[in-house]
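Written below as structure tokens is the structure these notes are about.
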Amino acid sequence: MAISKDKKNTLVADLTALLSDSKMVVYAKYQGLTVAELQELRKMAREAGVKIKVVKNRLVKVAMKEIAAYKDTDASGLTGQLLYAVGTDEDFDAAKILTKFAKTHDKMELVGGFNAEGAALSTEEVKTLGSLPTKNELIAQVVDMLLSGVNGIVSGLEKHAEEATN
């Protein structure tokens, strides 16, 4: 069923606003996924602050032309049935959600993405960004590394103190 021009204009305006606020957009082929699987993906995305959109690629291209950062972006990869994950909070949330979901659902095929500056990202780049640790995980790793030295010293002092008392 065709949608009216007013509805298309509203969709493009909504997409333009969403893309303007995005830190990253990742798109993937979803053909073959069940409705339940798509609902599971949307739930995961919602919990991570990522929006999942299934819209015509032509409307996404029109919205991209209205955004300075995306105006000159190569959109040749936007073909076929695609869903778009738009992350507005953290830089790599969209890539993380789709990469994680694709690992357990073989019908999900990552295709590419765009960063906030409008640079096109390949499938490999999206997968790499999706597998990076989060900011909080990195902080925890650094703190763990810093504390491991302190814990080693404390442990050595305790061992030395035990030996001295025996």
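Readers should treat all values here as calculations from the given coordinates under stated rules, not as data from a laboratory. Computed from a predicted model, the values in this text were never measured in an experiment. Positions of Cβ are backbone-derived with ideal geometry, glycine not excepted, and every protein chain shown enters the neighbour counts.
For the reader, a short list of remarks on this structure follows.
- Segment K8..A120, full-extension length gain: 37.8 nm, with 0.36 nm per residue of separation and the alpha-carbon distance subtracted.
- Based on C-alpha pairs under 8 angstrom that are at least 6 apart in sequence, segment 11-79 has a relative contact order of 46 percent.
- When +1 charges are put on Lys and Arg Cβ atoms and -1 charges on Asp and Glu Cβ atoms, the dipole computed for the chain relative to its Cα centre reaches about 1200 debye.
- T73 long-range amide H proximity, modeled H, under 5 Å: none
- Neighbour counts of C-beta atoms inside 10 Å place E162, E66 in the sequence E162, E66, starting with the fewest.
- Computed magnitude of the charge dipole of segment 108-154 (debye, nearest 20; Cβ of K, R +1, Cβ of D, E -1): 160 debye
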